[in-house]
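The values are calculated or read from the model by the stated rules, or taken from the named source; none is laboratory data. All of these numbers come straight from a predicted model, not from anything done at the bench. All Cβ positions, even for glycine, are placed from backbone atoms using ideal geometry, and neighbour counts span all protein chains on display.
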Amino acid sequence: MNPLSKKKAYHHGDLRSALVQATLQLVALRGPRGFSMTEACRQAGVSATAVYRHFANKEAILAEVARQGFDQLTGDLRLVLDSIESDNYRRRLVETGLAYVAFASSHPAHFQVMFGAGLDKEGHPECQESGETALQILIDEVARAVAGGALPATKASTAITTLWATVHGLAMLDLDGIKSKKQEMLEFDIPACLEAVVHGICS
């Protein structure tokens, strides 16, 4: 059955959640820019006027989806890091990257909205705060490595940029299916890539 043909029932008070779930379904099918607010309402099984009780416009719905995604990412990163010794600096950096890629793979619709919807996050403070909280985990791990002597202080800023760019790029390649399409040409080993990058910045 086409997901767009199925209206979702909701109880009083669940309209906000129904709209978010409908948006995620539409994003999965068409991308964050491929549908209208009216279509999101139709998918959620609510009237076009009811949505304005919770969201001012489509961007507000997308901002809520992104906020939830950043919060989930933060939780996933913390869960992984809680299981690793505090002084195992390189391993913590690698596992932070792996958890980021795993989140993108497990929550592709959220990930698209978080980074591909062209949101003005400054106009949605809660979304912006959640995004900054997630990034702060990487910043803190780099600072931990510096404090422990595993990374030169002069490389801290470069390390943050390099690691973030690497894990985000790997996540995008993974979502785009490059690892399967180019298997003969490219050995797409995410853990090995991250190990190499972390080794390089810590040397």
| request: Residue by residue through the stretch 27-48, note down the ones that are in a helix (DSSP H, G or I), crowded, with 20+ Cβ neighbours inside 10 Å and under 17 Å from the mean Cα position of the chain (by Cα). | output: VAL27
| request: Search the stretch 130-161 for residues being surrounded by fewer than 16 Cβ atoms within 10 Å (Cβ to Cβ) and in contact (Cβ under 8 Å) with a residue 24 or more places away in the chain, and hand back the single one that is farthest from GLY200 (Cα to Cα). | output: THR133
| remark: The residue from VAL80, VAL51 that alone is surrounded by 14 or more Cβ atoms within 10 Å (Cβ to Cβ), within 17 Å of the chain's Cα centre (by Cα) and not in a loop (DSSP other than H, G, I, E, B) is VAL80
| Do you know which residues across the stretch 54-67 are outside any helix (DSSP H, G or I) and crowded, with 17+ Cβ neighbours inside 10 Å? | PHE55
| The lone exception for VAL51 - which of (1) more than 20 Å from GLN112 (Cα to Cα); (2) at pLDDT 85 or above; (3) among the hydrophobic types (A, V, I, L, M, F, W, C) it fails | (2)
| field | Unmet criterion (only one of (1) more than 17 Å from the chain's Cα centre (by Cα); (2) more than 22 Å from ALA192 (Cα to Cα); (3) not polar (S, T, N, Q)) for VAL65 | value | (1)
